[in-house]
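Structure, as structure tokens:
The values are calculated or read from the model by the stated rules, or taken from the named source; none is laboratory data. For clarity, every value in this text was computed on a predicted model and none was experimentally measured. Methodologically, a virtual Cβ is constructed for each residue, glycine included, from the backbone with ideal geometry; neighbour enumeration extends over all protein chains shown.
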Amino acid sequence: MIRQINGYVDLRHVPPLNTRLSADALDALGAVARTVYLNPHDILLGQCETIRAFYVIVEGGVRLVECTPDGQSVALKIYGPGDVFGLLAVSGSYPHPTQIESIHDSVLVAFDGQDARRLMSIYPEVALLVIDLLTEHVHHAHQRIRQMAAEKVDRRLARTLLHLCDKFGRDDGQIISIDAPLSQRDLAEFTGTTVETINRTLTAWEKRGVVRCSHRHIDVLDRAALVGIAENALSAARI
């Protein structure tokens with residue numbers, strides 16, 4: 001069940017806000033924030049429902065899912081700690097094109113778009129941060145389109161797993177366990193390929209000791225090898 005608590009939120013330990021805003025701006029934003037608590041599989045927002053706030057993920061994670069007319073669901077993106085989504089709400093409420101659902105017990109901080117817009121006129125640094133974050137989203141979208149068009153599947157999958165390691169990885173010094181429930185279908189949708197191709201690629205990597213897969217779970221055994229694939233320094237056949 002979703003719980004929301006209104007009231008001052010201390011943002012001094014909430015990236016990326018805490019590293020990019022002054023103490024005064026953080027206090028002002030904290031005064032209009034609310035904390036949102038989600039259980040696994042809670043739906044924060046249904047597809048095409050109106051979104052009026054933007055969110056910063058403090059703990060856990062959410063994924064964006066598009067529900068097709070024939071009843072299928074397609075996982076488009078996953079957000080983890082430090083990620084921000086819904087920033088267009090600063091220009092007014094709008095129907096969000098995808099469903100937003102939690103993948104873990106999660107803690108988010110929400111900012112009403114109109115409250116944030118008002119503070120942007122008082123604290124220019126808040127406005128600049130919003131612009132910078134929106135620009136990062138645009139660059140990321142352009143990069144993803146380029147990768148889908150020009151890069152081989154093994155590179156795209158390696159980049160996806162490295163990103164998930166950064167967001168959800170638990171590193172014991174030898175193995176990085178990706179603490180997010182991921183099916184091969186999810187990975188196929190994230191990387192723009194087929195489940196069969198993902199299965200074939202992961203099976204080859206398992207045989208070479210790069211990853212270890214179980215039901216909806218992946219352990220990365222050799223991060224350096226994944227980096228090599230992602231940077232095209234090594235081909236999948238030479239791992």
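Tabulated data
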item: Number of the exception - SER177 against (1) buried (at least 18 other Cβ atoms within 10 Å of the Cβ); (2) touching a strand residue (DSSP E or B) at 6+ places or on another chain (Cβ under 7 Å); result: (1)
item: Strands (runs of 3 or more DSSP E) contained entirely in the range 3-111, each with at least 2 residues that are of a type in the set (Ser, Thr, Tyr) and under 23 Å from LEU164 (Cβ atoms); result: 73-79
item: Selection status of ASP105, in contact with a helix residue (DSSP H, G or I) (Cβ under 9 Å, 6 or more places away or on another chain) and in the same structural domain as VAL32 (by TED's automatic domain parsing); result: no
item: Residues located in the range 1-23, provided they are more than 19 Å from the chain's Cα centre (by Cα) and of a type in the set (A, V, I, L, M); result: MET1, ILE2, ILE5, VAL9, LEU11, LEU21, ALA23
item: Selected residue (criterion: nearest to LEU108 (Cα to Cα)) from residues of the range 30-72 that are among the acidic types (Asp, Glu) and surrounded by fewer than 17 Cβ atoms within 10 Å (Cβ to Cβ); result: GLU59
item: Pair list, Cβ < 6 Å and 6+ apart or interchain, from the range 147-160 residues that are in the same structural domain as ARG223 (by TED's automatic domain parsing) to residues that are of a type in the set (Phe, Trp, Tyr); result: THR160/PHE190
item: Qualifying positions in the range 138-170 - of a type in the set (Val, Ile, Thr), at pLDDT 90 or above and over 15 Å from the mean Cα position of the chain (by Cα); result: VAL153
item: TYR94 vs. criteria under 20 Å from the mean Cα position of the chain (by Cα) and among the hydroxyl-bearing types (Ser, Thr, Tyr); result: no
item: Among the candidates LEU162, LEU226, LEU202, residue that is buried (at least 17 other Cβ atoms within 10 Å of the Cβ), more than 30 Å from ASN18 (Cβ to Cβ) and touching a helix residue (DSSP H, G or I) at 6+ places or on another chain (Cβ under 9 Å); result: LEU202
